[in-house]
């Protein structure tokens, strides 16, 4: 019996290896998803873990016993396994729970578990009650992303092409702020931008306050607790995420290309536009994603630097989840946020392309 | 009233909570307060009277107890010396709603939580009692419970008084920075003075903010029953927020904004402002002429708490006026314990005469606790409030 099985495994061909590899991958992923999402009663969860374990052991046995053809066809699925298991347990399962929550309703206010009831009105509430917060989240994140490109590109360019032997130190300086907590850095800005703080007094000494008020940067002579401060905070906090990918894409550019362009009578600015910029677009694209996506969901900057009229959707989601205990609506809001970001990113990638993402 | 715990030594160089805050700030770590200090002092010393070997876990708000330092022995440490009980005292209680969200999955499904005593604000204690998540206190083992001030007896949140014993009380009123306002304030309507546009702070604690605005509108917050009766205050708040009158809704961090002048005036808590004004005489606290709100945080035992005997000893200990006076001198809130004033007078006579710490009859009459709302009405209030605070 056992020898017959071994014999069959030995003689298995490539295509059946692929079939089995894929089937096991899906099986393991589905089991982990079921465990993570809590589909089954506690006792069965253990059973599923046993199934997963057996599937993995079986896969290894088959790979050991099988011929080189079988092994080669199984290898990609084996290598995919850790990643897909991770994804199933820590991404798909929570996502599914969130989706289910967002369509549930609580029977009484202090229910722990909301009951699933196709409650689409949660999405209605998410839009109708929190429309302005959604709007501000994308507006502020968008402006902040544009600012990080405007500031970050020249910085990255300078480090990559003019940094010389200081390159690594300069790059290190970009990263140094990360050694301090995000929260602390943001709170520090709230004292720098305070009414009696250094920023305002410098502006007043230079008599720029009237001008800044005129163009809407200051409000009643203050910086802190304004939309400006929130956007500023986002820009500051996410700047390194823009500089680093742009730097990486610029650093790869062969400087001889620019020499060649100039040899062909291109002006410096034309060489930049025709050669450097297109080659660095993947860096800008990656930086935009790294900046815009977390910035749109951020709540720390709006909380410490904003006022009650500048709250972003992240603040609302946090409040609904952690203070109001309103999981269904909070989940719907989180889902809408995710959906809008996905759509925006897809549109954006249509124009900039992801093929050679840095 | 005698000191029931004669073998505890009280050697004290009075140090206020404010000084500790300043010190913690200098260290750049407010987190390095009590737990660290206790951990440093902790444990091993189980000498003293009482039956050793038992333990107790109390979870309270931050900076709400006198610590052991500068030669003074903190209440927690004195309690351990007096009773031999191994006390774990943590300060994880930071926000009523957040704490509720944290314990709900456990107590709501019949599981227990670790602390034997927690100290929610009285309305939250009422909610926990309604949900039947509390055990009755072992009051028969707490002889000192008789020392409770009359105003705190049998509140609406605990009509029989069997479930809660107040820890400290305080007042929400108007705090202002004279240097920023340029004039004395006296009324709730001052918060809506256009002159202070963008320089007004309000508390995220709904009952304190709305309660004060209701008083300003001539409505008694102790007697409201429906949302409609309070709608005026919500409209007023909404308008002030949209107009940009309100700079921020804050928790305890309003003290920084007030001290730095970001806020000209705000809704604040008596104890905090008392300590701030010691450093900066321009910072004032008033109970507005229309009245202020009275709140208190109250000790309760979550359902299934294990160490009932030790918990009774703790409550008895902190309801001893001599011990309670030590708390009052440090936290500078109102003590719910009778006889504390005389004890405080021996340590700090000026504090004993402060009407914000020991309200006289006139002041008492102007302080109103927020009504106990039924669940649905409360939900309406909280939703409306969270919509305005914009979070």
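The values are calculated or read from the model by the stated rules, or taken from the named source; none is laboratory data. The shown structure was predicted, so the numbers you read here are calculated from the model rather than taken from an experiment. Neighbour counts run over all protein chains shown; Cβ positions are idealised from the backbone, glycine included.
Within the stretch A:109-121, residues that are within 13 Å of chain B (Cβ to nearest Cβ) and under 20 Å from residue B:104 (Cβ atoms) have Cβ atoms under 9 Å from residues that are at pLDDT below 80 and part of a strand (DSSP E or B) in no pair, counting only partners at least 6 apart in sequence or on another chain.
Residues in the stretch B:242-253 that are more than 7 Å from chain A (Cβ to nearest Cβ), crowded, with 17+ Cβ neighbours inside 10 Å and out of contact with any strand residue (DSSP E or B) (no Cβ under 6 Å at 6 or more places or on another chain): B:252 only. Is there a residue being away from chain B (no Cβ under 14 Å), closer than 30 Å to residue A:110 by Cβ and either surrounded by fewer than 17 Cβ atoms within 10 Å (Cβ to Cβ) or without any contact (Cβ under 8 Å) to a residue 24 or more places away in the chain (or both) anywhere in the stretch A:326-338? The answer is yes; a qualifying residue exists. One residue stands out among those in the stretch B:369-391 that are more than 7 Å from every other protein chain (Cβ to nearest Cβ) and more than 23 Å from the chain's Cα centre (by Cα): the one that is nearest to residue B:224 (Cα to Cα), which is B:377.
Quick grid of which residues meet (1) surrounded by fewer than 19 Cβ atoms within 10 Å (Cβ to Cβ); (2) modelled with pLDDT of 90 or more; (3) more than 14 Å from chain A (Cβ to nearest Cβ); (4) part of a strand (DSSP E or B):
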| residue | (1), (2), (3), (4) |
| --- | --- |
| B:89 | no, yes, yes, yes |
| B:93 | no, no, yes, no |
| B:104 | yes, yes, no, no |
| B:125 | no, yes, yes, no |
| B:128 | no, yes, no, no |
| B:137 | no, yes, yes, no |
| B:146 | yes, yes, yes, no |
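Condition check ((1) facing chain B (nearest Cβ under 10 Å); (2) in contact with a strand residue (DSSP E or B) (Cβ under 9 Å, 6 or more places away or on another chain)) across all residues:
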residue: A:276; (1), (2): no, no
residue: A:286; (1), (2): no, no
residue: A:297; (1), (2): no, no
residue: A:308; (1), (2): yes, yes
residue: A:321; (1), (2): yes, no
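If you go through the stretch B:254-282 and keep only what is surrounded by fewer than 21 Cβ atoms within 10 Å (Cβ to Cβ), within 13 Å of chain A (Cβ to nearest Cβ) and either free of Cβ contacts under 8 Å to residues at least 12 places away in the same chain or closer than 10 Å to residue B:200 by Cα (or both), you end up with B:256, B:260.
Would you confirm, using the coordinates I've provided, whether residue A:217 is in a loop (DSSP other than H, G, I, E, B) and surrounded by 14 or more Cβ atoms within 10 Å (Cβ to Cβ)? Answer is yes for this residue.
Can you go through A:75, A:55, A:4, A:63 and tell me which one is out of contact with any helix residue (DSSP H, G or I) (no Cβ under 9 Å at 6 or more places or on another chain) and either part of a helix (DSSP H, G or I) or in contact (Cβ under 8 Å) with a residue 60 or more places away in the chain (or both)? Just one listed residue meets the conditions, A:4.
Return yes or no: is residue B:141 within 22 Å of residue B:64 (Cα to Cα) and in contact with a helix residue (DSSP H, G or I) (Cβ under 8 Å, 6 or more places away or on another chain)? No.
Checked against (1) in a helix (DSSP H, G or I); (2) within 21 Å of residue B:257 (Cα to Cα); (3) touching a helix residue (DSSP H, G or I) at 6+ places or on another chain (Cβ under 7 Å), residue A:202 passes all but a single condition, namely (3). Of all the numbered requirements in (1) under 22 Å from the mean Cα position of the chain (by Cα); (2) within 14 Å of chain B (Cβ to nearest Cβ); (3) at pLDDT below 95, residue A:91 misses one, and that requirement is (2).
Any residue in the stretch B:221-241 that is in contact with a strand residue (DSSP E or B) (Cβ under 8 Å, 6 or more places away or on another chain), buried (at least 19 other Cβ atoms within 10 Å of the Cβ) and more than 14 Å from every other protein chain (Cβ to nearest Cβ)? Working first, answer last.
Initial filter on the stretch B:221-241 (in contact with a strand residue (DSSP E or B) (Cβ under 8 Å, 6 or more places away or on another chain)): B:221-222, B:237, B:240.
Checking which are buried (at least 19 other Cβ atoms within 10 Å of the Cβ) leaves us with B:221, B:237, B:240.
Still in the running and more than 14 Å from every other protein chain (Cβ to nearest Cβ): B:221.
Yes, the conditions are met somewhere in the stretch B:221-241.
Among the residues of the stretch B:325-339, are any part of a strand (DSSP E or B) and in contact (Cβ under 8 Å) with a residue 12 or more places away in the chain? For the stretch B:325-339, residues part of a strand (DSSP E or B) and in contact (Cβ under 8 Å) with a residue 12 or more places away in the chain: present.
For the stretch A:137-145, the criterion of being touching a strand residue (DSSP E or B) at 6+ places or on another chain (Cβ under 7 Å) and within 14 Å of chain B (Cβ to nearest Cβ) is met by none of the residues. Only one of the listed residues (B:303, B:241) is more than 16 Å from the chain's Cα centre (by Cα) and under 30 Å from residue B:79 (Cβ atoms). That residue is B:303. Considering only residues in the stretch B:106-119 that are assigned to a loop (DSSP other than H, G, I, E, B) and within 12 Å of residue B:59 (Cα to Cα), the one that is farthest from the other protein chains (Cβ to nearest Cβ) turns out to be B:116. Residues that are away from chain B (no Cβ under 14 Å), on the phi > 0 side of the Ramachandran plot and out of contact with any helix residue (DSSP H, G or I) (no Cβ under 6 Å at 6 or more places or on another chain) do not occur anywhere in the stretch A:216-226.
When the stretch A:314-325 is filtered for residues that are surrounded by fewer than 24 Cβ atoms within 10 Å (Cβ to Cβ) and either in contact with a helix residue (DSSP H, G or I) (Cβ under 8 Å, 6 or more places away or on another chain) or modelled with pLDDT of 95 or more (or both), the ones remaining, listed by number, are A:319, A:321, A:322, A:323, A:324, A:325. Restricting the stretch A:95-117 to residues that are modelled with pLDDT of 90 or more and out of contact with any strand residue (DSSP E or B) (no Cβ under 9 Å at 6 or more places or on another chain), the residue that is nearest to residue B:377 (Cα to Cα) is A:102. What do you reckon, is residue B:213 in contact with a helix residue (DSSP H, G or I) (Cβ under 8 Å, 6 or more places away or on another chain), more than 10 Å from chain A (Cβ to nearest Cβ) and buried (at least 22 other Cβ atoms within 10 Å of the Cβ)? For residue B:213, the condition - in contact with a helix residue (DSSP H, G or I) (Cβ under 8 Å, 6 or more places away or on another chain), more than 10 Å from chain A (Cβ to nearest Cβ) and buried (at least 22 other Cβ atoms within 10 Å of the Cβ) - is met.
Kindly indicate whether any position in the stretch A:222-241 is over 30 Å from the mean Cα position of the chain (by Cα) and closer than 18 Å to residue B:262 by Cα. First the steps, then the outcome.
Start the filter on the stretch A:222-241 by keeping residues that are over 30 Å from the mean Cα position of the chain (by Cα), which leaves A:222.
If we keep only those that are closer than 18 Å to residue B:262 by Cα as well, we get A:222.
Within the stretch A:222-241, one or more residues are over 30 Å from the mean Cα position of the chain (by Cα) and closer than 18 Å to residue B:262 by Cα.
Could you go through the stretch A:151-174 and let me know if any residue there is within 14 Å of another protein chain (Cβ to nearest Cβ) and either touching a helix residue (DSSP H, G or I) at 6+ places or on another chain (Cβ under 9 Å) or under 25 Å from residue A:337 (Cβ atoms) (or both). Within the stretch A:151-174 (the criterion being within 14 Å of another protein chain (Cβ to nearest Cβ) and either touching a helix residue (DSSP H, G or I) at 6+ places or on another chain (Cβ under 9 Å) or under 25 Å from residue A:337 (Cβ atoms) (or both)), the answer is no, since none of the residues qualifies. Return only the number of the condition from (1) without any contact (Cβ under 8 Å) to a residue 60 or more places away in the chain; (2) more than 15 Å from the chain's Cα centre (by Cα) that residue B:212 does not satisfy. Checking residue B:212 against (1) without any contact (Cβ under 8 Å) to a residue 60 or more places away in the chain; (2) more than 15 Å from the chain's Cα centre (by Cα), the one that fails is (1).
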